[in-house]
1. Can you give me the relative contact order of the chain as a percent, contacts being Cα pairs under 8 Å and 6 or more apart?
2. Please build a GNM for the chain, connecting alpha carbons under 10 Å apart, and tell me which residue among ASP65, ASP21, ASP33 fluctuates the most.
3. Using label points projected 7 Å from each Cα along Cα→Cβ, tell me how many nm separate VAL12 and SER86, to one decimal.
4. Using only Cα atoms, locate the centre of segment 78-93 and the centre of segment 1-48, then give the distance between them in Å, rounded to an integer.
5. Looking at segment 1-34, which trypsin sites (Lys or Arg not before Pro) are DSSP coil and have at most 16 other C-beta atoms within 10 Å of their C-beta?
6. Shape call for segment 6-48 from the C-alpha gyration tensor, a ≥ b ≥ c root eigenvalues: rounded (a/c under 1.5), prolate (a/b greater than b/c) or oblate?
7. Hey, could you get me the Stokes-Einstein D for segment 14-92, Kirkwood radius over alpha-carbon pairs, 37 °C and 0.692 mPa s, rounded to whole µm² s⁻¹?
8. State the extension gain, in nm to one decimal, for the chain segment bounded by ASP33 and MET1, taking 0.36 nm per residue of separation less the distance between their alpha-carbons.
Amino acid sequence: MRGLVFPNDPSVPPELRGKNDETEFRAIVSCLDSTNTVVNFTTAQFPATIGLATAGGGDAKVETDVTLPHPCIAPIVFVTNAAGTSWFATTGG
């Protein structure tokens, strides 16, 4: 991923606008299993660049395997902070 930063928006503190201040991210794959229960699978932390997006901030790369149930219905991938407590981006659904 490239340029995952805070938006340039009045709701964001000025010192964070257009920047990433997290040195590590995680990915969480979330889906429904065969009993319609939500299950989440979290990767290990992976490095992310800090700073302005225009200077390469918010860039990260992860290549990993997670074991998912079969079926894994409507998977969504969340990009989170290192603690996994705040998500920044999603894909899937």
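What follows draws every value from the coordinates through simple rules; no lab data is involved. Keep in mind the model is a prediction, meaning the values are calculated, not measured. As a convention, Cβ positions derive from the backbone with ideal geometry for all residues, glycine included, and neighbour counts pool all protein chains shown.
1. 31
2. Comparing ASP65, ASP21, ASP33 in a Gaussian network model of the chain, the most mobile one is ASP65.
3. 1.1
4. 3
5. In loop regions of segment 1-34 (DSSP not H, G, I, E or B), the sparsely surrounded trypsin sites (Lys or Arg not before Pro) are ARG2, ARG17.
6. In terms of gyration-tensor shape, oblate.
7. 242
8. 8.8 nm
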